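Q: Attaching a single structure in structure tokens format; questions to follow.
The values are calculated or read from the model by the stated rules, or taken from the named source; none is laboratory data. The structure displayed is predicted, hence computed values, not measured ones. Neighbour counts run over all protein chains shown; Cβ positions are idealised from the backbone, glycine included. With ligands, DNA and RNA removed, areas are computed over all heavy atoms of the protein, side chains included. Shrake-Rupley method; radii C 1.70, N 1.55, O 1.52, S 1.80 Å.
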Amino acid sequence: MMSDRLFNLTGKRILITGSNGGLGLAIAGGLGRLGASVILNGRDEAKLNAAVDGLRSTGLDVAAARFDVTSEAEVASAIDGLEAEAPIDVLINNAGIQRRVRLDEITLEVWEEVLRTNLTSAMLMGRQVARGMITRQRGKIVNICSVMSDLGRTTTGAYTAAKGGLKMLTRAMCADWGPLGLQINAIGPGYFATEMTQPLIENPEFNAWVVNRTPARRWGEPSDLVGASAFFSSAASDFVNGQILYVDGGMTTVL
């Protein structure tokens, strides 16, 4: 069936940054169940190995790549090593951090940490992986943006700047690499229930705000990102380029 061919990830080698937990791990598991060979990444070796073992125990094809996505040298060395083993078909730039502080109180150190992790890492990873993809004239890059790529909220200034930049970086990558056979797109998650957001979920006022602000009337579950990730990783998106798909329960569409 055509749908089987369009969304078939069998044989696809997919590298997902920041995937030893949270949304990245959920995406990895979902794509693995669709037939992909997934490569998990993180800096914490013990946590990374535990994540790999957990997915392997379910029968998935999973490997580990421990390196710091904010280090130009480590990124170059890691990608060269992975490419020497087999081509990377899809890169998902998921690594990110949040530091909640008002802009008049933020330190330059925190500002640069947030931008380096959420934005600069995607450039470093994309640049290195794209070189092999350009040689092969095929490949896909998926940047994990946020509703904060378009919206602002108090104490999220650095994160908003980084994710807004990531949306535009997606378009710039499309401009440079689209003519060379690559597709570069982005996913903008809304508010998702993860270990990192658990304190917000447990805050009755904030939880009520998210639920009432979202037309779907709930937080996203990590598994809700698998469909969009599969679409952008598969042949189904071969003529989609430079776009951002919001997976936010409708949050960005209503006042």
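Q: Starting from residues that are over 19 Å from Asn93 (Cβ atoms) and in contact with a helix residue (DSSP H, G or I) (Cβ under 8 Å, 6 or more places away or on another chain), keep the ones in the range 2-32 and report whichever is surrounded by the fewest Cβ atoms within 10 Å (Cβ to Cβ).
A: Start the filter on the range 2-32 by keeping residues that are over 19 Å from Asn93 (Cβ atoms), which leaves 2-8, 10-11.
Cutting the leftovers down to in contact with a helix residue (DSSP H, G or I) (Cβ under 8 Å, 6 or more places away or on another chain) gives us 5-8.
Details: Arg5: 10, Leu6: 13, Phe7: 17, Asn8: 16.
Looking at the filtered set, the residue picked out is Arg5.
Q: Would you say Ala216 is open to solvent by less than 60 Å² (accessible area, probe 1.4 Å), outside any helix (DSSP H, G or I), under 25 Å from Gly164 (Cβ atoms) and out of contact with any strand residue (DSSP E or B) (no Cβ under 9 Å at 6 or more places or on another chain)? Walk me through how you get there before you give the answer.
A: Numbers: open to solvent by less than 60 Å² (accessible area, probe 1.4 Å): yes; outside any helix (DSSP H, G or I): yes; under 25 Å from Gly164 (Cβ atoms): yes; out of contact with any strand residue (DSSP E or B) (no Cβ under 9 Å at 6 or more places or on another chain): yes.
Here the answer is yes, as Ala216 does meet what is asked.
Q: Hey, another quick one. Is it the case that the range 196-212 has a residue that's open to solvent by less than 20 Å² (accessible area, probe 1.4 Å), aliphatic (A, V, I, L, M) and either under 16 Å from Leu91 (Cα atoms) or assigned to a loop (DSSP other than H, G, I, E, B) (or both)?
A: First, the residues of the range 196-212 that are open to solvent by less than 20 Å² (accessible area, probe 1.4 Å): 210.
So of that shortlist, the ones also aliphatic (A, V, I, L, M) come out as 210.
The next check asks that each one be either under 16 Å from Leu91 (Cα atoms) or assigned to a loop (DSSP other than H, G, I, E, B) (or both); those that pass are none.
No - not one qualifying residue is present in the range 196-212.
Q: Here are the criteria: (1) at pLDDT below 95; (2) open to solvent by 70 Å² or more (accessible area, probe 1.4 Å); (3) not in a loop (DSSP other than H, G, I, E, B). Tell me which single one Leu255 does not satisfy.
A: Of (1) at pLDDT below 95; (2) open to solvent by 70 Å² or more (accessible area, probe 1.4 Å); (3) not in a loop (DSSP other than H, G, I, E, B), only one is false for Leu255: (3).
Q: Can you find a residue that is assigned to a loop (DSSP other than H, G, I, E, B), within 22 Å of Asp150 (Cα to Cα) and open to solvent by less than 60 Å² (accessible area, probe 1.4 Å) anywhere in the range 225-241? Steps first, answer last, please.
A: Taking the range 225-241 and keeping what is assigned to a loop (DSSP other than H, G, I, E, B), we get 234, 238-241.
Filter once more, so that each one left must be within 22 Å of Asp150 (Cα to Cα): 240-241.
Next cut, open to solvent by less than 60 Å² (accessible area, probe 1.4 Å) only: 240-241.
Yes: the range 225-241 contains one or more residues that are assigned to a loop (DSSP other than H, G, I, E, B), within 22 Å of Asp150 (Cα to Cα) and open to solvent by less than 60 Å² (accessible area, probe 1.4 Å).
Q: In the list Thr70, Thr160, Thr107, which residue meets the criterion of being hydroxyl-bearing (Ser, Thr, Tyr), closer than 30 Å to Thr214 by Cβ and either at pLDDT 95 or above or under 16 Å from the mean Cα position of the chain (by Cα) (or both)?
A: Thr160
Q: Would you point out the residue of the range 86-109, among those that are surrounded by 15 or more Cβ atoms within 10 Å (Cβ to Cβ) and aliphatic (A, V, I, L, M), that is farthest from Thr156 (Cα to Cα)?
A: Applying the filter and picking the extreme gives Ile88.
Q: Just need a number here: residues in the range 65-85 that are open to solvent by less than 80 Å² (accessible area, probe 1.4 Å), among the acidic types (Asp, Glu) and in contact (Cβ under 8 Å) with a residue 12 or more places away in the chain.
A: 2
Q: Something else: For the range 34-50, which residues satisfy the criterion of being outside any loop (DSSP other than H, G, I, E, B) and in contact (Cβ under 8 Å) with a residue 40 or more places away in the chain?
A: Result: Ile39, Asn41.
Q: Considering each residue of the range 33-54, count those that are touching a Gly at 6+ places or on another chain (Cβ under 7 Å) and within 15 Å of Val90 (Cβ to Cβ), and give that number.
A: 2
Q: For the range 94-133, which residues satisfy the criterion of being part of a helix (DSSP H, G or I), of a type in the set (Lys, Arg) and in contact (Cβ under 8 Å) with a residue 24 or more places away in the chain?
A: Taking the range 94-133 and keeping what is part of a helix (DSSP H, G or I), we get 108-133.
Applying the additional criterion that residues be of a type in the set (Lys, Arg) yields 116, 127, 131.
The one that is part of a helix (DSSP H, G or I), of a type in the set (Lys, Arg) and in contact (Cβ under 8 Å) with a residue 24 or more places away in the chain: Arg116.
Q: Since Gly30 meets every condition but one in (1) within 23 Å of Ala235 (Cβ to Cβ); (2) assigned to a helix (DSSP H, G or I); (3) in contact with a Leu (Cβ under 6 Å, 6 or more places away or on another chain), which condition does it not meet?
A: Among (1) within 23 Å of Ala235 (Cβ to Cβ); (2) assigned to a helix (DSSP H, G or I); (3) in contact with a Leu (Cβ under 6 Å, 6 or more places away or on another chain), Gly30 violates only (3).
Q: Okay, moving on. Is it the case that some residue within the range 132-149 is closer than 20 Å to Leu31 by Cα, open to solvent by 20 Å² or more (accessible area, probe 1.4 Å) and at pLDDT 95 or above?
A: Yes, the range 132-149 contains a residue that is closer than 20 Å to Leu31 by Cα, open to solvent by 20 Å² or more (accessible area, probe 1.4 Å) and at pLDDT 95 or above.
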